[in-house]
Amino acid sequence: MKAMKNPPGAVKTVMEAICILLGEQAERVVDPASGKRIEDWWETSVRVLGNTALLKTLLTYKRDEIPPQLMKRIREKYVPDPNFQPERVETVSQACAGLAKWTLAMDKYDVVAKIVAPKKIALAGAEEQVAKAEAILVEKRAHLRSVQEKLAVLQKQLDDNLAKKEELSRQVNRIFRKKNH
């Protein structure tokens with residue numbers, strides 16, 4: 001691709017997106033038609049493609065740290081562009097189609113990460129609350145067991161004392177009956 005002097009639009013489009021995600025800046029050139037300064041991404045793209053570590057850069061790309069403004073730009077300008085679709089790009093360049101797929105994958109990952117990450121944080125918070133509640137429950141159950149054991153001892157004492165009272169009451173009644181007879 002880097003040897004192309006006048007690349008097809010699809011290749012230019014994909015390489016623009018790659019350069020943007022890699023944080024590269026476009027060259028500012030004078031447009032021969034209008035005479036105004038415009039962004040020319042192809043020179044930047046050729047430099048990026050000339051980097052022997054490009055594949056490693058893409059493989060180790062910090063996808064969790066993509067600035068939101070870059071993703072917004074990718075989503076608005078490149079993702080909906082029909083020239084950006086890998087099937088269409090593949091007719092011109094298979095390597096470039098792979099780069100288009102990588103860019104779309106970064107877009108999908110970013111969307112999922114923004115949905116899943118807050119849910120993971122919420123889950124961690126909920127799990128922490130559950131752990132605290134379970135610890136309190138274990139503590140309360142231990143206290144309840146202790147109280148139930150004391151209650152059982154007191155109930156046994158009460159039953160013993162009631163039995164003693166009954167026995168004493170019978171003895172008093174026998175003595176009282178003997179005296180009255």
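Relative to the dominant Cα principal axis of the chain, helix 9-21 is inclined by about 50°. Which entry in (1) 17.6, 49; (2) 19.1, 60; (3) 40.2, 140 is this structure's computed Rg and Dmax of the Cα atoms in Å? This structure yields the entry labelled (3). Atom-type composition of the exposed protein surface of the chain places 58 percent of the accessible area on carbon and sulfur (1.4 angstrom probe).
Taking a straight Cα-Cα cut-off under 24 Å and skipping sequence neighbours fewer than 8 places away in the same chain, the lysines within cross-link reach of Lys179 are Lys164, Lys165. Between Ser146, Ser169, Ser45, the Gaussian network model of the chain with springs among Cα atoms under 10 angstrom shows the greatest mean-square fluctuation at Ser169. Dipole check for the chain: with +1 at the C-beta of Lys and Arg, -1 at the C-beta of Asp and Glu, and the Cα centre as origin, the magnitude is about 1640 Debye.
Working ranking of peptides 170-178, 92-100, 11-19 by packing, defined as the average number of other Cβ atoms within 10 Å per residue, highest first, is 11-19, 92-100, 170-178.
Pairs from the table (Lys12/Lys72; Lys5/Lys56; Lys36/Lys101; Lys72/Lys114; Lys56/Lys101; Lys56/Lys77) lying more than 22 angstrom apart at Cα are Lys5/Lys56; Lys36/Lys101; Lys56/Lys77.
Mean residue ellipticity, 222 nm, helices only, the chain: the sum of -39500 (n - 2.57) across DSSP H runs of n ≥ 4, divided by residue count and rounded to 500, is -24500 deg cm²/dmol. The slack between Ile121 and Leu168, meaning 0.36 nm per residue of separation minus the straight C-alpha distance, is 10.0 nm.
The values are calculated or read from the model by the stated rules, or taken from the named source; none is laboratory data. This structure is a prediction, so every number in the text was calculated from the model and none was measured. Every residue, glycine as well, gets a Cβ built from its backbone with ideal geometry; the counts of neighbours run over all protein chains shown. These area figures cover heavy atoms from the full protein model, side chains too; ligands, DNA and RNA do not enter into them. Shrake-Rupley method; radii C 1.70, N 1.55, O 1.52, S 1.80 Å.
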